[in-house]
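Student: Provided herewith is a single structure, encoded as structure tokens, for subsequent inquiry.
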Amino acid sequence: MYWLRRGWAELKNEVFVLPSRTAVLAWALALLVLPYVYGDPYVLRIVTLTCLFAIFAASWDLLAGYTGQVNFGHALFFGAGAYASALVSLNFGVTPWVTVWIGALVATAFGVVVGYLCQRLRGSYLSLATLAFPLIALGLLFAFPDFSGGELGVSGLRRLATTVTANYYVAVLAMLAVVFGLWLIADSKFGLVLHAIRDDEVAARASGINTPRYKLAVFAVSAFAAGLAGALFAHYIRVAGPSTLETALSFQVVIWGIFGGAATIYGPVAAVFILYPLTEWLANFRAIGELRLLIFAVIVLLVLLFMPRGLSPWVRDRIETACPRCKQRNRAWRSACRLCGAPLENRGRSAISEKLKSP
Amino acid sequence: MLQDILVTGLVNGGVYALLAIGFSLIFGVARIVNIAHTAFYMLAAYCFYSLLVKAGLGFAVSGIVSVAAVTLFSVLCYRLVIEPVREHESAVLIATIALALVFQELMLFSFGGHYLGIPSTLDGVVNLAGVSVPYQRLLILVVAALMLVATWALLYRTRLGLAIRATANDIEVASLMGMNVDRVAMATVAISVALAAIAGVVVAPVLVVDPFMWLSPLVTMLAIVVLGGLGSLKGSLIGALVIGYVEAITVFALPSGAFLKGAVALSIMVLVLLVRPEGLYGVVFEEER
């Protein structure tokens, strides 16, 4: 009973005070009950894939958004996870529940290597150099088709679970756990250091932070999450193919990340949940199915023209305001800060109260 | 085989140099990483195809018209899409990616995904040092060389070139000295896309034209630019020749080299970056704070 009351108090004081947190909670609950409310296998399949790509996008955001290491070759980690897990599970007959972790670890190793190689590169150099790594891997895969399956990839993989709903839950739970974990990392002291590295690496070093070590660590963490997503993806669609390493996938994750709002974790996840089902849904229409990528690109362009910082920071600024004194966030329609009581300058609201006062 | 390598490397290097120098110019002046750069090259190839094969115009007319049209179009895209989000670096980045996707899908929709062949501008072969070189490849080489010289002349012998170099060097001081920095950036976009469009028009008869033809030169071009040093024209030229030759050597000398040529070229780029993080001729930018 005590824990129930305590939990309710936490919910009321920490979650319901902010519309964005309420929305996140509602979204997580909706994902968990979806199969009971609407169990259409096609919808579940789309949401499953969306969840896996959401892990991928969130991992990119930790590396690019927080640390400023804008990686153009993030598909390398996705593909490394997919291929490693697929090859181990096929050649040694290991259950996918184990090989998924092996895939993630192999991806981590790739992350450390890439991070080590790119240690001295800055800004655009880093972006353009990282673009090369998945293509090098792709060239090697095509050059040795006996081992990698060449263009066809490694097929005939086993799924993690047998039923549609079980697979759905594997993906949703993995997504919630990884995204929440990444968010915790990003919100911790470690995340603060990452912000510092992005904003001013020289100042961070001058403050006694071993920036190369932090950058390596963040490459490893991000690659681990991306590799996990890749391995789950390969076992879900039962093929680990060259498409997991393509430039298109690397660009796709950059679009998701920036469209949703970099350095937020939840932004890229929201972007995947909006854009991926949208493109799949558009593909259903015969007339515009061929144009779906075009529509996708045009939507991205239009949204950027109006919200250059991305979707989720824009929405958050509409529904929440930061307290001028203690910098805590508040609902936009509050007139005083919920923590320190300082009056909030509200658009609209304050104008109305001015009008009421003036006569 | 040696002669094959020499000729192929030179021709490919010339085309890469046209692309890389244009990309480098935009990056140097406006700090735009223009992913859509090779998409304009693809647009020019399509434009050339439709004017030449569909409309039946002559080679010279269709070539000139397509270069001019693509250049105008790029300025329009710059004004409408890139300029409004110029302050947000990441927004510019995905705006260019999205533009490239838009072009790809538009071409896929209007021409279909199949390969389109374009007849050679010049038929026949010439015998150079024991290798028979088609006139078309010779034409590519000549055009590339002419364009490189023209770009050099424009940059180092005209007032516009002076303004471009000054803006690339220090945008704030250039602005204080009374240069219209926005206008200079726009001129640079036009020049660089014109170079890409010329490359597209001369290369189209050798390659096949399809909506995905922008991806592989994009990667090679980025490798060249990073190898040579971002924003350095000399670096881009030398990088283009290096990568052109490396690719030629891989294709002719290694088994299954056609698959590996990209991997080998990119590995060379990574190796150079390990030794010199700013590329061969790049300048170390002072950290902006």
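Student: Which whole-Hz ³J(HN,Hα) couplings does segment B:11-26 yield from phi under the Karplus relation 6.51 cos²θ - 1.76 cosθ + 1.60, θ = phi - 60°, glycine and proline marked x?
Tutor: These are the phi-based 3J(HN,Hα) values: 5, 4, x, x, 5, 4, 5, 4, 5, 5, 5, x, 4, 4, 4, 4 Hz.
Student: Go through segment A:4-14 residue by residue and turn each phi into a ³J(HN,Hα) via Karplus (6.51, -1.76, 1.60, θ = phi - 60°); whole Hz please, and just put x for glycine and proline.
Tutor: Karplus-based 3J(HN,Hα) across segment A:4-14 equals 4, 4, 4, x, 4, 5, 4, 4, 5, 8, 10 Hz.
Student: Along the positive direction of the dipole of the protein assembly as shown (beta-carbon charges: Lys, Arg +1; Asp, Glu -1; about the Cα centre), which of B:69, A:81, B:224 reaches farthest?
Tutor: Farthest towards the positive end: A:81.
Student: When the scattering of segment B:2-212 is computed by the Debye formula from its Cα atoms alone, each counted once and equally, what is log10 I(q)/I(0) at q = 0.16 Å⁻¹?
Tutor: So the normalised log intensities are -1.08.
Student: Further, regarding this structure: What is the log10 of I(q)/I(0) for chain A, computed with the Debye formula using one identical point scatterer on each Cα and no solvent, at q = 0.08, 0.09, 0.11 Å⁻¹?
Tutor: Debye output, listed in q order: -0.44, -0.56, -0.82.
Student: Taking R0 as 25 Å, what FRET efficiency do you get between residue B:154 and residue B:72 from their Cβ-Cβ distance, rounded to the nearest 0.05?
Tutor: 0.85
Student: So, one more: Once amide H atoms are built 1.01 Å from N in the peptide plane, which residues 5 or more positions from residue B:125, or in another chain, come under 5 Å H to H?
Tutor: Long-range HN contacts for residue B:125: B:135.
Student: Also, I was wondering about something else. Calculate the mean, over all residues of peptide B:224-230, of how many other protein chain Cβ atoms lie within 10 angstrom of the residue's Cβ.
Tutor: 3
Student: Stokes-Einstein D for segment A:40-120 at 37 °C, 0.692 mPa s, Kirkwood Rh over Cα pairs, in µm²/s?
Tutor: Calculated translational D: 234 µm²/s.
Student: As a check on your grasp of the helix formula, calculate [θ] at 222 nm for chain A: sum -39500 (n - 2.57) over DSSP H runs of n ≥ 4, divide by the residue count, round to the nearest 500.
Tutor: -22500 deg cm²/dmol
Student: What are the residues whose amide H is under 5 Å from the amide H of residue A:263, where those residues sit 5 or more places off or on another chain and H is modelled from the backbone?
Tutor: A:65, A:66
Student: So if I average 1/r over every pair of distinct C-alpha atoms in the protein assembly as shown and take the inverse, what Kirkwood radius in Å does that give?
Tutor: 26.5
Student: Just to check I understand the Karplus step: with θ = phi - 60° and J = 6.51 cos²θ - 1.76 cosθ + 1.60, what whole-Hz values come out for segment B:53-69, glycine and proline as x?
Tutor: Rounded to whole hertz, the list is 8, 6, 8, x, 7, x, 4, 5, 4, 5, x, 5, 4, 5, 4, 5, 5.
Student: Provide the gained length on full extension for the span residue A:318 to residue A:165, in nm with one decimal, where the gain is 0.36 nm per separating residue minus the Cα-Cα distance.
Tutor: Taking 0.36 nm per residue and subtracting the Cα distance, the gain is 51.4 nm.
Student: Between residue A:101 and residue A:11, how many nm apart are label points set 7 Å from Cα along the C-beta direction?
Tutor: According to this spin-label approximation, the distance is 3.3 nm.
Student: While we're on this one: Of the listed peptides A:254-265, A:313-324, what is their order by residue-averaged count of other C-beta atoms within 10 Å, with the highest listed first?
Tutor: Averaged packing, sorted descending, gives the order A:254-265, A:313-324.
Student: Report the Cα-based extents of segment B:224-283 along its three principal axes, largest first, to the nearest Å.
Tutor: That works out to 38, 20, 12 Å along the principal axes.
Student: Which one, B:201, B:44, B:160, projects farthest toward the positive side of the charge dipole computed for segment B:2-212 from Cβ point charges (K/R +1, D/E -1)?
Tutor: B:160
Student: Please give the charge dipole size of segment B:182-289, origin at the Cα centre, charges +1 on K and R Cβ atoms and -1 on D and E Cβ atoms. Round to the nearest 20 debye.
Tutor: Once rounded to the nearest 20, the dipole reads 200 debye.
Every read-out reported here was derived from the displayed coordinates using simple, explicitly stated rules and does not represent laboratory data. Quick caveat, the model's predicted, so the values are computed rather than measured. Cβ sites come from the backbone with ideal geometry, for glycine too, and all protein chains shown count toward neighbours.
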